[in-house]
1. Under 9 Å between Cβ atoms, which residue pairs at least 6 apart in sequence (or on different chains) link something in the range 139-160 that is free of Cβ contacts under 8 Å to residues at least 40 places away in the same chain and open to solvent by less than 50 Å² (accessible area, probe 1.4 Å) with a partner that is among the β-branched types (V, I, T) and part of a helix (DSSP H, G or I)?
2. For D5, work out the one condition from (1) modelled with pLDDT of 95 or more; (2) under 18 Å from S320 (Cα atoms) it doesn't fulfil.
3. Search the range 36-64 for residues that are more than 16 Å from W178 (Cα to Cα) and open to solvent by less than 10 Å² (accessible area, probe 1.4 Å) and pair each with any residue that is among the aliphatic types (A, V, I, L, M) and part of a strand (DSSP E or B) when their beta-carbon atoms are under 9 Å apart and the residues are at least 6 apart or on different chains.
4. Please tell me if G203 is under 25 Å from the mean Cα position of the chain (by Cα) and at pLDDT below 95.
5. Just to check your reading of the model, which residue among A10, A41 is touching a strand residue (DSSP E or B) at 6+ places or on another chain (Cβ under 7 Å), modelled with pLDDT of 95 or more, in a strand (DSSP E or B) and among the small types (G, A, S)?
6. Would a scan of the range 120-139 turn up a residue that is within 19 Å of R183 (Cβ to Cβ) and either of a type in the set (A, V, I, L, M) or touching a Pro at 6+ places or on another chain (Cβ under 7 Å) (or both)?
7. Out of the residues in the range 262-299 meeting the condition of being open to solvent by less than 20 Å² (accessible area, probe 1.4 Å) and part of a helix (DSSP H, G or I), tell me which one is farthest from R331 (Cα to Cα).
8. Looking only at helices (runs of 4 or more DSSP H) that fall completely inside the range 58-167, which ones have 1 or more residues that are small (G, A, S) and closer than 26 Å to D237 by Cβ?
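The values are calculated or read from the model by the stated rules, or taken from the named source; none is laboratory data. These numbers come from a predicted model, not from an experiment. Cβ sites come from the backbone with ideal geometry, for glycine too, and all protein chains shown count toward neighbours. These area figures cover heavy atoms from the full protein model, side chains too; ligands, DNA and RNA do not enter into them. Shrake-Rupley method; radii C 1.70, N 1.55, O 1.52, S 1.80 Å.
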Amino acid sequence: MSHLDRKSVAVLGVPFDNVTMDEAVEFVADKITERRFHQIATANVDFLIHALKDRKLQSILCACDLVVPDGMPIVWAARMMGTRLKERVSGVDLVPRLAALAAARGYGIYLLGATEQSSRRAAQALEQRYPGLRIVGRFSPPFEPLEEMDHEAILARIERADPDILLVAMGNPKQEKWLAMHRDRLRVPICMGVGGTLDFIGGTVSRAPAWMQNCGLEWLHRACQDPGRLAMRYVNDAAGLALHLPPQVALTAVQPRKPVNTALQAYDVGSALVVVVSGDVTPALLTQFDAFMHHAVDEDRHVIVDLSGAAYLGADSLGSLVRFMALMKRRVQQFWLAALPLHVRRVFRTAHLEHCFSIAPSVADAAYRIEKAEQILPGELAAARSLSPEARSAVNVQLEILQDVCERMGTVSQSVEFAFGGLGTKASASH
């Protein structure tokens, strides 16, 4: 299953891939054969609340190769916005499936994080349940802030073990940030943050009964087991969801409807493909949109999406836009949204996605910005689109480092917009 063939649903700024458990395992099997870094996140409500406050985390989740809905509240939230996620795909259930895949195909798994006891018990449980499984290494680093970790020593251990699957149990958002920090160093095809999954697999923590899982009450079972650590987290998560989700649901529901005039057209402006959206963005229209994106990716074209005639955008439409924005960014291509009507801009704002995109007042303005960016882009980076996926990734890493430097430059009252090869961001600069 390719990145372009999957559908996504955006809930409070996080794009969830609309996959079943079997499809998630199929994705892993496909990507291992590519032998390059892929990051997977098993995101729950706690991820959403953290991402609302932490734009770096949100950016990482948007850039992940696969984000699965690890929690029934995510599934219910999508349904409230008129879009159905196929099913909950929890990390606790996905890890054993990946272990079965690894045992069948001879893949090696490395366990990073959790306590030494939980890691050892989880490894023993998986090896006993799946004969032939190769746990090629384990390491439980000290519990310390991300900035104080001995990253080189950890990376050296993983490199020596040469795993096919890396499971990182450091908790959110630390594990997601650790993986994103080292995406250019990790020579592991599948890297996934698994939170407390190793505690469950090793038997340190018991899972809720099936009926509680199906009713979305697994959090209650966990809170009763460890109230001192988890009770306040769940209270905060519930409060955050109650505060931020209703506006997205309401603004999605009150959008104007124009099903009769629904259409999608495309034309060329310079080096960009302009995709014009008219009327409601239906599932059929999203399929056509995906076809245009296939064309743009195959032809190494920049993309401008003209939303001036858009009527209704659902959570699935937002998910597709986020997915392709992240894909174009990885390919060092520009992706612009242009001429957003007021109601569409409000939907992006309540979905906490407005700051994620490069947005222009018109197609002409976006085309001008693309042209200017190409003129000032260094020759080495301008040629990046002809490189292999691995080389493109390395170029993109350098651009992201440059972005991060700019974002750390002091603070002043006004924002300055930087555009490095289509990687639009806003940063502050001090005098």
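1. Taking only residues 6 or more apart or on different chains, the pairs are F139/I154; F139/I158; P141/I154.
2. Answer for D5: the failing condition is (1).
3. Filtered contacts from the range 36-64: L48/V11; L48/V14.
4. Working: under 25 Å from the mean Cα position of the chain (by Cα): no; at pLDDT below 95: yes.
Against the criterion (under 25 Å from the mean Cα position of the chain (by Cα) and at pLDDT below 95), G203 does not qualify.
5. Just one listed residue meets the conditions, A41.
6. So far as the range 120-139 goes, no, none of its residues is within 19 Å of R183 (Cβ to Cβ) and either of a type in the set (A, V, I, L, M) or touching a Pro at 6+ places or on another chain (Cβ under 7 Å) (or both).
7. In this case the residue turns out to be L285.
8. 72-80, 91-105, 116-129
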